[in-house]
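Encoded as structure tokens, the structure appears first; notes follow it.
The values are calculated or read from the model by the stated rules, or taken from the named source; none is laboratory data. The structure presented is a predicted model; accordingly, all values stated were derived computationally and were not measured. Here the Cβ positions follow ideal geometry from the backbone for every residue, glycine too, while neighbour counts run over all protein chains shown. Note: accessible area is taken over every heavy atom of the protein model, side chains too, but ligands, DNA and RNA are not part of it. Shrake-Rupley method; radii C 1.70, N 1.55, O 1.52, S 1.80 Å.
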Amino acid sequence: MVADNIIKTPDMGEVEAIDFVNKFGYSLNKLREALGITRPQPMKQGNKIQLWKFNVDGPKDSDGKDIDPASIGEGEDIPLTHVSRVKDRLIEVAFKKWRKAVTLEEVQRVGYDMAVNQSDKQVLLSIQKSVRKDFFDNLATAPTDLGEVSGLQEAFGKSWGKLGNIFDDEDAGTIVFINPEDAGDYLGTAVIQNGQSVGFGMTLLEGFTNVTPVINNSVPKGSFYATVKDNLNLQYIDVHGESSKLFANKQVISDELGLIGLVRDDNTSNLTNQSTVFGGITLFAEVTDGVIKGTLAKKA
């Protein structure tokens, strides 16, 4: 018979596990706030996302050739240019899964906190890196090329102007993603150190009129990406949804939104402590040609 009040799993482990998922949710919330994403969209069932692009059809003559705007005579009616938002490509939000196991001997050698909790934190960093990589891969898929600019100041100005034209809103909230080394060359390290850290390896800089620069080393040095805040979205598979039925006999620890799930289990057949983490999170630009890319001119 088990003695009254004996301390057993998960009495000591659950707190760390809850802390694990809460840190993840807090960090992602800080990031989405910095990116202007106000409403993350849960997917309780299904995992397809439709992306869009703008089609601009200029006026044509009777032979189907484009009309040169300079050829429109004085007093003549100006032909209409048609703008439409059409379907582009589908992306799939897939589950990503991580599992690690720590042996009894390793817990004895370095202690429970180092063997289990600290290694869990490294898994957390790996998950953040995965979300971040997918995001920048999405930005790099088919951006509108802005060409070469003289430096970051011109990059900010041209990005703001170009995106204001694409979205027909100069106050749409331009956000520019830059490499830390390029930021350091332009701003100086003191300004970067005083920047507002937002998690997921990204740093938000403030104080630029109409433009929000975000620093991350996933952006190639000498390049930059830009879009508007309203074009950025966060979609995720809700781990409280259909997938949760798979774990009817397990305790799944998750954050309030259901961004990520953690299952801790002690395997007595090989005396290991196992942590299994799963989630499906995608940061993406909804309008694909509403992303622009540019190149910074090399210093002479």
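On a 0 to 90° scale, report how tilted helix 152-166 is relative to the longest principal axis of the chain, with both axes built from alpha carbons and the result rounded to the nearest 10.
70
Can you give me the angle between helix 14-34 and the longest principal axis of the chain, using Cα atoms only, in degrees from 0 to 90, rounded to the nearest 10?
10
Just want the answer: with Cβ charges of +1 for Lys and Arg and -1 for Asp and Glu, which residue in F247, V21, Q108 is farthest toward the dipole's positive end in the chain?
Sorting the options by dipole projection puts first Q108.
Under 16 Å Cα to Cα from K293, which aspartates and glutamates show up? Leave out anything in the same chain fewer than 8 places away.
By straight Cα distance, K293 reaches D137, D145, E148, E154, D182.
Rounded to the nearest 0.05, what FRET efficiency is calculated for A142 and D19 with R0 set to 35 Å and r the Cβ-Cβ distance?
With R0 = 35 Å, the Cβ-Cβ based efficiency is 0.30.
Roll a 1.4 angstrom probe over the protein heavy atoms and tell me the percent of accessible area of the chain that is carbon or sulfur.
C and S atoms contribute 50 percent here.
Which of the listed residues, A94, T276, Y225, is farthest toward the dipole's positive end in the chain, when Lys, Arg count +1 and Asp, Glu count -1 at the beta-carbon?
It is T276.
For I37, what charge total do you get from the other residues with a beta carbon under 10 Å from its beta carbon, if Lys and Arg give +1 and Asp and Glu give -1?
Around I37, the charge tally is +1.
Which three numbers, in whole Å and largest first, are the semi-axes of the equivalent ellipsoid of the range 54-139 derived from its Cα gyration tensor as √(5λ)?
64, 12, 8
Using protein chains only and a probe of 1.4 angstrom, how many square angstrom of T227 are accessible, to the nearest 10?
Taking all protein chains as shown, T227 has close to 0 Å².
In the structure displayed, which of K60/K298; K121/K162; K129/K221 lie more than 30 Å apart, Cα to Cα?
Where the Cα-Cα span goes over 30 Å, the pairs concerned are K60/K298; K121/K162.
What is the helix-to-structure angle for 119-139, meaning the angle in degrees between its Cα long axis and the longest Cα principal axis of the chain, kept from 0 to 90 and rounded to the nearest 10?
So the inclination is approximately 20 degrees.
Before rounding to the nearest 500, sum -39500 (n - 2.57) across all DSSP H runs of length at least 4 in the chain and divide by the residue total; then give [θ] at 222 nm in deg cm²/dmol.
-8000 deg cm²/dmol
In percent, how large is the relative contact order of the chain, given Cα pairs closer than 8 Å and 6 or more residues apart?
Dividing the mean separation by the residue count of the chain yields 30 percent.
Can you work out the accessible area per residue across the chain, with the rest of the protein chains kept in place, probe 1.4 Å, in square angstrom?
Dividing the accessible area of the chain by its residue count gives 57 Å².
So if I place +1 on the C-beta of Lys and Arg and -1 on the C-beta of Asp and Glu, and nothing else carries charge, what would the dipole magnitude of the chain be about its Cα centre? I want it in debye, nearest 20.
Dipole size: approximately 1120 debye.
Taking the chain on its own, what percent of its Cα-Cα pair distances exceed 28 Å?
Roughly 51 percent, rounded to a whole number.
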